[in-house]
Structures are given as structure tokens and as C-alpha cells.
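Enquirer: Below is the structure I would like to discuss, written out as C-alpha cells.
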Amino acid sequence: MIYTLIKLPIRLALRIFCVDIDLVNPGYRSEKGPLLLVANHPNSFLDAILIAAQFREPVYFLARGDAFRKPWQRFLLGLLHMVPIYRLSEGRENLHLNEYAFKQSQALLTEGKIVLIFIEGICLNTHELQPFKKGAARIALTAVGESLPLNIMPVSLSYNNFTSIGKTVRIELSKPFSAKEILIQDQEALNMQYFNHALFLRLDSMIKPPEPKQQKRNIIFFLFSVAGYFLHLPLYSMVKKFVRKKTRQTVFYDSVLFGVLLLLYPLYLLLLFALLALLHVPIVLIVPLLFIHPISAWFAVRYKIKSQTSS
């Protein structure tokens, strides 16, 4: 329920946060389960948000287990279709909990759902693929062993940068193929090895960091951009400074910046509405002013990118 409610606001927020989202092969976003999406992982949980926002069907995804430490976190992230999976670096004592992740993934696929897994098992701000883990191959092997008609879809994400608002993102969806086509070896270990090798070659050929697109501008574009810059300067500068401090020397800056802005922006507009109402500003002026805010933000982000690419 919560997933469905926030999907539209997230899509709208992504259109402001990203100057351009280039979706290659958009026809595949209407695919249905049982489907295992296998993706690279260059930009923390923003990767999952971007992929899930493209698909018409709900997407469930495996997320790093250290985000589920507290009960309220586990509950909230569960509502957002996240399933925890642990790495050795997050504590050997947690590895046994991964059995739940694989069983949950299998149950979701059996119900005809879409499951997303980041096959590298680690996030680094780079487009260079890291060695693949065995999780995706294990899920596929289990599904085939239970005669589930599982399809695999490689998905690549490429960014023009990892550290600022107004980025260009390229998402490529590859034609799905049956898991049976790739699991053809006699031994489980050989199947896993072949699975990872084939997916590595496919994903590596799909990753193509995009160049920022040139944005057309005129006097109206310029005026909306200036208005958007000053209207959002107090909020954005405060959030950016806070997030930068909290995510220093991590890969979470982009994702946390997006998440904090997504949560705070509606509150910011409500506070502004209340303040203007207290000042007895007529409602016929307040409503258009609030409506202009996200539009001017859209222009401001694009003018900034245009200015940077023209210099």
C-alpha cells in the first residue's frame, strides 16, 4: 500500500533530481514476473529507486542488511518492498539470516513477482564491475529446480556523476531470457560460474556513462530558473550541508540527499503555506505560489547544468 502511494511522488521527484533519465528499451518495463532483475550497483539505494520507478509492476529488492538493524527500520523498509541480505563485512553472526532473504525471494517469484538483486553485492561509485557474488545464481538455480518459469533481465545503470543534483542517468533494460537457457551445466558450482560469467559479459557491454544533454533556454527559462534558485536556496543549502557531513567518505551522498529532500519538501511547502496564511496572504495567491515551487525547481536544476556544460 505505502509502496503504491509513494511511487508517483518518487517518479516526480526523480524528474527534478535528475536532468535526464534515458531509459533504453522501455518496452521491457511492462514485463511481469516471475522475473529476476540483475543489475550493477554504482550509486547506493538510488539505484533501486531508479529501477523500481521504471517498472509498472511492483519491484521487490534485496538491500544491505545493516539498514534493518532496528525493528522500526525493518518494518518501514519491509513496507517499501526491501528484503535484507547481509555481507561478511556486516558481521559473520548475521550471515545465517540470508537464508530468510533467499526463501523470501523464492516465495515472491513463486507468486509471480519481480525481484531485483545487485549482483556485485557491494556498492562503489564506479562503473567498473566488481566480482559477482553467488546470490543471483543461487536464486535462479532454486527457481529452476522447483520448475518455476523464471526469466532473467540484466539491467545496467550509468551516471554522468555521483555527487550532485541534476545528474544524467542511463538505464538499459535487456531482453529477458529464461533461466533454463543459462543454467545448462551438470554441476551446481559450474552453473553458478557460468551464470556469473554470462551476466558479467552482458552487463559490462551495457554500461555506458552518459554525457549531460544540452538544455535549450530562453528568457522565460532563465526567469523561472532564478526564481527556483532563490525559492529553494534556504532548504537546499541546509540539506546539502547536513547530508554532506553525514555521508562523508561513503557512497550514500546521492541517495541520502534524494531521500531527505523527498521527505522534507512536502513539509517545507506546508510550512510555507502556514506562514503565508498567518501573514493573511490571500489563498488565491498562496496556491499558485506553492504550485510554482516544484516547477521552478525543475528549471533551476536544468539551468545550472546548462551553465556548467557551456563553460
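Enquirer: Cα centroid distance between the stretch 150-168 and the stretch 242-293, in Å?
Expert: That distance is 26 Å.
Enquirer: Let me ask you something else. Where both partners of a DSSP beta bridge lie in the chain, what percent of those bridges are antiparallel, to the nearest 5? Before the final figure, lay out the partial values.
Expert: Numbers: 7 of 30 bridges.
So the antiparallel bridges amount to about 25 percent of the total.
Enquirer: Just name one of ASN196, VAL144, TYR159: the one whose Cα is farthest towards the positive end of the charge dipole of the stretch 2-206 (beta-carbon charges, Lys/Arg +1, Asp/Glu -1).
Expert: TYR159
Enquirer: Beyond 20 Å, what share of the Cα-Cα pairs of the stretch 185-311 remains, rounded to the nearest whole percent? Could you put the intermediate results ahead of the total?
Expert: Values: 5198 of 8001 pairs.
Everything past 20 Å amounts to 65 percent.
Enquirer: What's the magnitude of the charge dipole for the stretch 2-206 around its Cα centre, counting Lys and Arg as +1 and Asp and Glu as -1 at the beta-carbon? Answer in Debye, nearest 20.
Expert: Working: 22 positive and 18 negative charges, 112 e Å.
Its charge dipole is roughly 540 debye.
Enquirer: I want to verify a result. In a Gaussian network model of the chain, Cα cutoff 10 Å, which of these has the top mean-square fluctuation: LEU62, LEU278, LEU80?
Expert: LEU278
Enquirer: Expected output is a single nm value to one decimal: the length gained when fully extending between THR110 and LEU201, i.e. 0.36 nm times separation in residues minus the C-alpha distance. What is it?
Expert: Working it through step by step, the gained length comes to 30.0 nm.
Enquirer: Additional query: Top mean-square fluctuation among ASN161, ASN151, ASN25, Gaussian network model of the chain, C-alpha springs under 10 Å?
Expert: Result for the chain, Cα springs under 10 Å: ASN25 fluctuates most.
Enquirer: Additional query: Read through the labelled values (1) 0.97; (2) 1.09; (3) 1.16 and report the label of the one computed as Cα Rg over 2.2 N^0.38 Å from the structure.
Expert: Matching the structure shown: (2).
Enquirer: So, with +1 on the Cβ of K and R and -1 on the Cβ of D and E, and no other charges, what is the size of the charge dipole of the stretch 219-310 about its Cα centre, to the nearest 20 debye?
Expert: Result for the stretch 219-310 is approximately 460 debye, rounded to the nearest 20.
Enquirer: If you don't mind, there's one more thing I want to ask. Treat the count of other C-beta atoms within 10 Å as a stand-in for reagent exposure and order PHE162, PHE230 from fewest to most.
Expert: PHE230, PHE162
Enquirer: What range in the chain is the longest one free of GluC sites (Glu not before Pro) that are in a loop by DSSP and have at most 14 other Cβ atoms within 10 angstrom?
Expert: 147-311
Enquirer: Considering the options TYR3, GLN106, PRO212, tell which one lies farthest towards the positive end of the dipole of the chain, charges being +1 on Lys and Arg and -1 on Asp and Glu at the Cβ, about the Cα centre.
Expert: After comparing all options, I get PRO212.
Enquirer: How many nm separate the modelled label positions at ARG11 and ARG56, each set 7 Å beyond the Cα in the direction of the Cβ?
Expert: Output for this residue pair reads 1.1 nm.
Enquirer: Here's a follow-up. Order these by the 10 Å Cβ neighbour count, fewest first: ILE184, ILE6, ILE152.
Expert: Placing the least packed residue first, the sequence is ILE184, ILE6, ILE152.
Enquirer: Using the number of other C-beta atoms within 10 angstrom as an exposure proxy, rank SER178, SER255, SER44, SER164 with the fewest first.
Expert: With the fewest neighbours first, SER178, SER255, SER44, SER164 line up as SER178, SER164, SER255, SER44.
Enquirer: Right, here's the next one. How high is the relative contact order of the stretch 2-206, given as a whole-number percent (alpha carbon pairs under 8 Å, six or more residues apart)?
Expert: Working: 339 pairs, mean separation 60.4, N = 205.
The normalised contact order for the stretch 2-206 reaches 29 percent.
Enquirer: Among MET206, MET153, MET238, which one moves the most in a GNM of the chain with springs linking Cα atoms closer than 10 Å?
Expert: Greatest mean-square fluctuation among the candidates belongs to MET238.
Enquirer: Can you give me the span-like helices of the chain, meaning DSSP H runs with 20 Å or more of Cα extent along the axis and Kyte-Doolittle mean at or above -1.0?
Expert: Going by DSSP H runs, the hits are 2-17, 188-206, 219-246, 253-278, 283-310.
Just so you know, all these numbers are worked out from the coordinates, no wet-lab data involved. All figures in this text were calculated on a predicted structure; none of them were measured in a lab. Here the Cβ is made from the backbone with ideal geometry for all residues, glycine too, and neighbour counts use every protein chain on show.
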